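I have placed the structure first, in the form of C-alpha cells, so that the comments after it can refer back to it.
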Amino acid sequence: MKKINRRNFLKGSGLVSVAGLGGMQLGFANQLLKGGSGNGRDLLVYVFLNGGMDGLNMVPPRSGNDYNQYSNVLRPSLHIPNNVSLPLNGQNAFGMHPSATGLANLFNSNKMAIVHATGLVEANRSHFEATRFLELGFQGSNSLGTGWLTRYFNSSLHTPNDAVMPSIVPSYDNTDAVLGDPTALVLSNPGDFALTDGHWTWGDTMQDILQEITENPVSLEQLVNHQILKASDIIQAIDWANYVPGNSASYPEGFLGEQLRMVAQLYKSDVDLEVAYVPTGGWDTHVGQGTGTEGQFADLTSELSAGLYALYQDLTASHNGRFTIMVQSEFGRRAYENSASSTDHGYANPMFIIGDNVNGGFHGQFPGLAPEQLFEGDDVNATVDYRDVVSEVLIKRQRNRFLGYIFPGYDDYSPLGVVNGADLSPVYEENYDPLFASGFD
C-alpha cells in the first residue's frame, strides 16, 4: 500500500474513529506504531483564557496618571491598591495581582514577558465571535474550513511526517484552532482513552483482535483505526498516576492543573508533541469579580499562576530552552467597573510569554487610561496586533515563516523582541502551498 503523507492526508480526510474507543477525538497520525522519535521537539503551550480575562486587574497600574485614573475614576471599589499589587523588577508603573505570585516570580526571574494592549485589529466584544476569530486566525465572514494551528502544521517544514502526536487539546471540547486537522488529539482524561464496549476483562483481548484485523490495512478507514488503537496503546502505557514533576513542581488542584500536568508528561514521553492548545474558562467576571486575594478573579488567578509556574519548573528541569508558553484571552474587560463592582466585555489585554528563551520585561505600548486615550471612551485601546506576538514565536521558536498562509490577510509582521531566535523572513502569500516548498529553513 502506498504510504499516505500526513500533510496530503489533511487536505481531504474526515474524522474516522473506532467504535467503542472512548474519551477521545482522533484522526490520522502517521506511523504511530513506531512510537516517538525521542528527539524532544520544541513545544508551544498555548493557554487560552476563555471568558475575557481582566488584564487591567491582572497587571494593574501602580503609579502616575494611569494609577490615579484607575484607582479614583475608573475602578474606585474594584482597583488593586498599589501597596497590595506585587512589585515587578525594573519598573514601578505596573505590578501583578496579589494572587499571581508564580507569575510575578517568573517575571522577576526574566522568564516571562508581558506584552501590553494586544488585541484583534477590529474590536469585538462577543465571546463567540472574538474567540472564533482568534481560533481561526482570520477576522472575517468567510469560512476557511481550517484553524490557524491546522494551517501551522500544514505549512511546517520541520514537523516529521511520522510524528506520533504532534498536537493535543487537553480538554472535553474541541477548538476551532485545530479545525480541519484530524490528527489533533482531544483528550480530557488519559484513563478514558481506551475501549469502552464490553466487559472490562475483555479489553486487552478486544484491542489485540482489532489490531490484528487492521494490521494490514486495505482501506483508509482500516489504516486510521489501526493507528488510533496504537495511540491508545501508547497513552495506556504511560504511568499517569505516579508521575513525578521536575524541580519538585507542584501543580494546583483542579482541571487546569490536570491539563498542564498531562501536557508535561506527554512531552516528556517522547511522542513528538509540538503544540498543546490548553483552553480554560471562567473569566467572564460580570458579577462577583472581587478584589485583592478574595473573590472569583483572585481564585482563577491563583490557579492560573500556580499552574503556569509549575509547568515552567517541571519542563525546564529536563527541557531547558525547548518550550514556550503563551497566554491569551479573547479580549479584556471594560476600564470602568460596572454597577456590580465587576467588569463587562472590553477590548485590549496583555499577553504573557514564558520560557527560557523569552526576553523578560514589558513589551509594546500601554495606551493610557485618560478619557481621550480609551477606545470608544470605555476600553483599554489595542496598540499591538496579537498576530505580531504569535508570529514572532512561530518564526523564532517554531521556525515557521508562512505567516500569510497561517493568518490570511496578515502582511505586516512587526517583531517586538519578545523571544530569542533567528528572525526568518516572513512569507505572506495566502495561496502559497508550502507542501511543495524546499530550501526554506
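Bear in mind that the values in this text are calculations on the coordinates, not laboratory data. On a predicted model such as this, the values are computed, not experimentally measured, just so you know. Cβ atoms come from the backbone with ideal geometry, glycine included; neighbour counts cover every protein chain shown.
Points worth noting:
- Positive minus negative residues near ALA123 (Lys, Arg vs Asp, Glu; Cβ under 9 Å): -2
- Sequence of SER99, SER341 once ranked by neighbouring C-beta atoms within 10 Å, starting from the fewest: SER341, SER99
- Cβ-to-Cβ counts within 10 Å put HIS116, HIS319 in ascending order as HIS319, HIS116, the fewest first.
- Remark on TYR46: its backbone amide H falls under 5 Å from those of ALA276, TYR277, VAL278, MET326, a criterion applied only to residues 5 or more positions apart or on other chains, H modelled at 1.01 Å from N.
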